[in-house]
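> Take a look at the following structure, please.
Derivation of every value follows stated rules applied to the coordinates shown; laboratory data play no part. Since the model is a prediction, treat every value here as computed from it, not as a measurement. Because the Cβ atoms are built from the backbone with ideal geometry, glycine has one as well, and the counts that use them run over all protein chains shown.
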Amino acid sequence: MSLQRFELNTPFKYGHFVPKNDKGRRLVIPDIHGCKKTFEKLLEEIQLSKEDYLFLLGDYVNKGPDSIGVIDKIIELIEEGYNIFPLRGNHEQIWIDKIKTNKKLTEKQKNFLRNLPLFYELDHFYLVHGGFDVRQTNPFLDTKSMLTARYMNYDARTFQNKMIIHGHTTMSLPVIEAQLKEKRSIISLDNGCVYRNSLYEGNLVCLNLDTFELHIQKNVECIP
């Protein structure tokens, strides 16, 4: 289940183990939702390098103004040699389910979407878009929960005492910051990037897994 980095022709697996990065940072960005300009602005802010590992928690498409642009930006980063680890979100699954009839997508874009995994396991973390259902015999094969779960229970034995980092469920910025400060077992990073008129939402965030520093980028898109 090991993976050094995501390649466009990486065959689909439910999950991958990613070894610790000894050279660069391990960074996590949740739901981008078609906000390409905000994503690019955040990448500039964090000064992403080719020694970093960048984990993306899914939901690159829908809601925002440039879904295809976000997909193409991720593909561009991969092709340029950046260590990108993208996950599948429920909105990617919607596109995948209609992929045969979507004539707007190139074969490269379709291949990218089809091969997105559902979770990553790290030394001290599990990364997933939605969540895990510990009531299942094997939560790591439960596609529906990994894509759509809003609430989950934590089981130390199932998750080997590893922290779960997920997106999908929008949380206010003070709640996200409190979760990080307390180092809770389950942390939601989705601050509702597209909700730019909300007082405590409307940001795309990036978490450094090694320092727990949170970078916050206000939405810069032109959204009606």
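> Would you order F140, F119 from fewest to most other beta-carbon atoms within 10 Å of each residue's own beta-carbon?
Final ranking by Cβ density, sparse to dense: F140, F119.
> Between L57, L43, L204, find the one with the highest GNM mean-square fluctuation for the chain; connect C-alpha pairs within less than 10 Å.
Result: L43 has the largest fluctuation of those listed.
> Arrange C35, C222, C206 by Cβ neighbour counts within 10 Å, fewest through most, would you?
C222, C206, C35
> Among D52, D123, D190, which comes first, then next, by fewest other beta-carbon atoms within 10 Å?
Starting with the residue having the fewest Cβ neighbours, the order is D123, D52, D190.
> Considering lysine pairs in the range 138-224 that are 8 or more places apart or on different chains, how many have Cα atoms under 26 Å apart?
5
> Let me ask you something else. When a/c is below 1.5 the answer is rounded, else prolate if a/b is larger than b/c, else oblate, so apply that to the range 125-203 with a ≥ b ≥ c taken from the square roots of the Cα gyration tensor eigenvalues.
Oblate, because a/c is 1.5 or more while a/b does not exceed b/c.
> Also, I was wondering about something else. Under the rule a/c < 1.5 gives rounded, and otherwise a/b versus b/c splits prolate from oblate, where does the range 69-224 land using the Cα gyration tensor?
oblate
> Run down the aspartates and glutamates and flag those whose C-alpha is under 20 Å from the C-alpha of K100, throwing out any fewer than 8 positions away in its chain.
Straight-line reach from K100, under 20 Å: D59, D72, E92.
> Under 10 Å, Cα contacts only: if you run a Gaussian network model on the chain, which one of R196, R25, R157 comes out with the highest mean-square fluctuation?
In the Gaussian network model the winner is R157.
> For a test of the definition: using alpha carbon positions, the gyration tensor, and the 1.5 limit on a/c, classify the range 50-144 as rounded, prolate or oblate.
oblate
> Whole angstrom only: what separates the Cα centroid of the range 68-119 from the Cα centroid of the range 162-224?
22 Å
> Determine the percent antiparallel among the DSSP beta bridges restricted to the chain, to the nearest 5.
In the chain, DSSP labels about 35 percent of beta bridges as antiparallel.
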